[in-house]
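**Student:** Just dropping this structure here.
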Amino acid sequence: MHTKRHEASAPLFDGLSPKDTSAPAASLAGVTLAYGDEPPVLNGLNLAIPAGAFRYLIGPSGAGKSSLLRLIYLGQLPSTGRIELFGTDTAGLAPGKLATLRRKVGVVFQDFRLLEGLPLLDNIALPRLIAGAAVNEARAEAAELLEWVGLSERSNAQPQSLSGGEQQRAAIARAVISRPSLIVADEPTGSVDDAMADRLMALFEELNRQGAAVVMATHSLALIDRFPHPTIRLGDGQAHESAP
């Protein structure tokens with residue numbers, strides 16, 4: 001039986017509204033990904049992530065979940081096939097146009113990628129600063145997110161002093177601060193307890209309600225049961241979608 005999903009107490013970003021709703025957030029057609037002489041990880045895969053959708057990505061280890069996420073956020077090129085983001089074919093795009101597309105995607109990496117030597121608050125604020133936001137505005141938004149993920153008391157800490165679970169929560173805050181149209185998350189609740197996982201899921205669902213599409217890789221069937229959404233199961237190089 002599905003349990004009641006946790007609600008966010010208030011919109012995190014009052015100005016965030018649905019964006020890029022005229023085309024899928026991501027579309028992959030005939031995508032094959034192979035490494036050297038090994039059998040293809042993905043083989044002629046077809047998949048569309050509608051704008052504003054929430055999809056879990058599941059499958060056994062080695063099925064290609066992380067590889068598929070890298071393709072979606074343009075961290076890797078396919079061996080063959082076409083990838084579109086927000087209706088734009090990414091093949092042959094100039095570096096500047098690729099960078100513009102990537103800025104619409106928030107990525108939660110498994111290895112966190114926080115910058116050492118930079119206090120946690122500024123690590124979280126950095127994407128907004130790069131985008132041209134005022135320092136005070138970016139830091140205020142970063143502080144709000146740090147409070148949401150339970151790290152407000154660690155805002156001046158160095159990343160290397162954080163536990164794995166704390167770094168995971170910080171990586172989520174950094175990924176969503178720029179109000180992305182698409183959030184790609186690789187096992188974002190894998191290093192936290194159930195109570196914090198539920199709190200983080202409430203954050204993802206709030207951003208989804210405000211218009212962001214979410215693609216989340218997970219091994220946790222219990223999490224999927226508590227927060228039901230359609231799933232994409234990878235197997236034999238193909239993607240198979242099912243309703244919650």
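**Student:** So what's the gap between the Cα centers of the stretch 82-106 and the stretch 113-178, to the nearest angstrom?
**Tutor:** Going from one Cα centre to the other spans 25 Å.
**Student:** Quick check on the chain: helices-only [θ] at 222 nm, where DSSP H runs of length 4 and up contribute -39,500 (n - 2.57) each and the sum goes over total residues. Nearest 500, please.
**Tutor:** -9500 deg cm²/dmol
**Student:** Then there's this: Sort 174-186, 28-40 by the packing proxy (mean of other Cβ within 10 Å over each peptide's residues), most packed first.
**Tutor:** Sorting 174-186, 28-40 by mean packing, highest first, produces 174-186, 28-40.
**Student:** Normalised by the number of residues in the chain, what is the relative contact order in percent for Cα pairs under 8 Å and 6+ residues apart?
**Tutor:** Relative contact order comes out at 31 percent.
**Student:** Which percent, to the nearest 5, of DSSP beta bridges fully inside the chain are antiparallel?
**Tutor:** Taking every DSSP beta bridge with both residues in the chain, the antiparallel ones total about 50 percent.
**Student:** So, one more: Could I have the simple spin-label model distance between residue 48 and residue 118, label points 7 Å from Cα toward Cβ, reported in nm to one decimal?
**Tutor:** The modelled label-to-label distance comes out at 3.7 nm.
**Student:** Compute the FRET efficiency between residue 238 and residue 208 as 1/(1 + (r/R0)^6), taking r as their Cβ-Cβ distance and R0 = 30 Å, and round to the nearest 0.05.
**Tutor:** Here the calculated transfer efficiency is 0.75.
**Student:** I've got another one for you. Given contacts defined as C-alpha pairs under 8 Å and at least six residues apart, what's the relative contact order of the stretch 109-242, whole-number percent?
**Tutor:** It comes to 24 percent, rounded to a whole number.
**Student:** Multiplying the sequence separation of residue 219 and residue 135 by 0.36 nm and subtracting their Cα-Cα distance, what value in nm do you get?
**Tutor:** 26.5 nm
**Student:** Which Cα, out of 132, 211, 185, lies furthest along the positive dipole direction of the stretch 85-244 (beta carbon charges, K/R +1, D/E -1)?
**Tutor:** Result: 132, furthest along the dipole toward the positive end.
**Student:** At residue 111 and residue 29, where each label point lies 7 Å from the Cα along Cα→Cβ, what is the point-to-point distance in nanometres?
**Tutor:** About 3.4 nm separates the two model spin labels.
**Student:** How do 231, 88, 189 rank when sorted from fewest to most other Cβ atoms within 10 Å of their own Cβ?
**Tutor:** Fewest-to-most ranking of 231, 88, 189: 88, 231, 189.
**Student:** Helix 194-209 against the longest principal axis of the chain: what's the angle in degrees, Cα atoms only, rounded to the nearest 10?
**Tutor:** Roughly 70 degrees between the two axes.
**Student:** Measure off 7 Å from each Cα along the Cα-to-Cβ vector at residue 82 and residue 61, then give the distance between these two points in nanometres to one decimal.
**Tutor:** 3.7
**Student:** Enter the angle in degrees (range 0 to 90, nearest 10) between the Cα long axis of helix 120-130 and the first principal axis of the Cα atoms of the chain, meaning the one along which they spread out most.
**Tutor:** The angle comes out near 60 degrees.
**Student:** Now, a different point. I'd like the Karplus ³J(HN,Hα) series for the stretch 43-52: coefficients 6.51, -1.76, 1.60, θ = phi - 60°, whole numbers in Hz, and an x wherever there's a Gly or Pro.
**Tutor:** Computed from phi, the couplings for the stretch 43-52 are 9, x, 6, 10, 7, 10, 9, x, 4, x Hz.
**Student:** What list of ³J(HN,Hα) values in whole Hz, one per residue of the stretch 90-100 in order, does the Karplus curve 6.51 cos²θ - 1.76 cosθ + 1.60 (θ = phi - 60°) give from phi, with Gly and Pro shown as x?
**Tutor:** Running phi through 6.51 cos²θ - 1.76 cosθ + 1.60 with θ = phi - 60° gives 7, 5, x, 5, 5, x, x, 6, 4, 4, 5 Hz.
**Student:** Moving on. Can you work out ³J(HN,Hα) from phi for every residue in the stretch 211-228, in order, using Karplus 6.51 cos²θ - 1.76 cosθ + 1.60 and θ = phi - 60°, giving whole Hz and x for Gly and Pro?
**Tutor:** Running phi through 6.51 cos²θ - 1.76 cosθ + 1.60 with θ = phi - 60° gives x, 7, 7, 10, 10, 10, 7, 7, 9, 8, 5, 5, 5, 4, 5, 6, 10, x Hz.
**Student:** Same structure, new question: Quote the charge dipole size of the stretch 71-214 about the Cα centre in Debye, to the nearest 20; the model charges only the Cβ of Lys and Arg (+1) and of Asp and Glu (-1).
**Tutor:** About 640 debye.
Read-outs: derived from the displayed coordinates by stated rules, not from any lab. Keep in mind the model is a prediction, meaning the values are calculated, not measured. For neighbour counting, all protein chains shown are included, and Cβ atoms are generated from backbone atoms with ideal geometry for every residue, glycine included.
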